[in-house]
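This report refers to the structure that appears directly beneath it.
Bear in mind these aren't lab numbers, they're just calculated from the coordinates by the rules spelled out. Bear in mind the structure is a predicted one, so any value in this text is a computation, not a measurement.
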């Protein structure tokens, strides 16, 4: 999902509602959203923007932390 798609979806919701993340695809636990950060992403791994081992073909990604 792209940020623009998430913004469009969330813009329909009450801005006072709590944001909760599922622990996994099956809903085996939930936590409130605690943080949002920008990282690089590639093949299921995230990398800091200043990581010296940053692969060249990483994409910018917004990471939501429970």
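With n ≥ 4 as the cut-off for DSSP H runs, can you work out [θ] at 222 nm for the chain, using -39500 (n - 2.57) per run divided by the number of residues, rounded to the nearest 500?
-3000 deg cm²/dmol
Using Cα-Cα distances under 8 Å and only pairs 6 or more residues apart, what relative contact order does the chain have, in percent?
Over the chain, the number comes to 29 percent.
At q = 0.11, 0.17, 0.25 Å⁻¹, work out log10 I(q)/I(0) for segment 3-65 with the Debye formula, treating every Cα as an identical point scatterer and leaving solvent out; two decimals please.
-0.36, -0.78, -1.13
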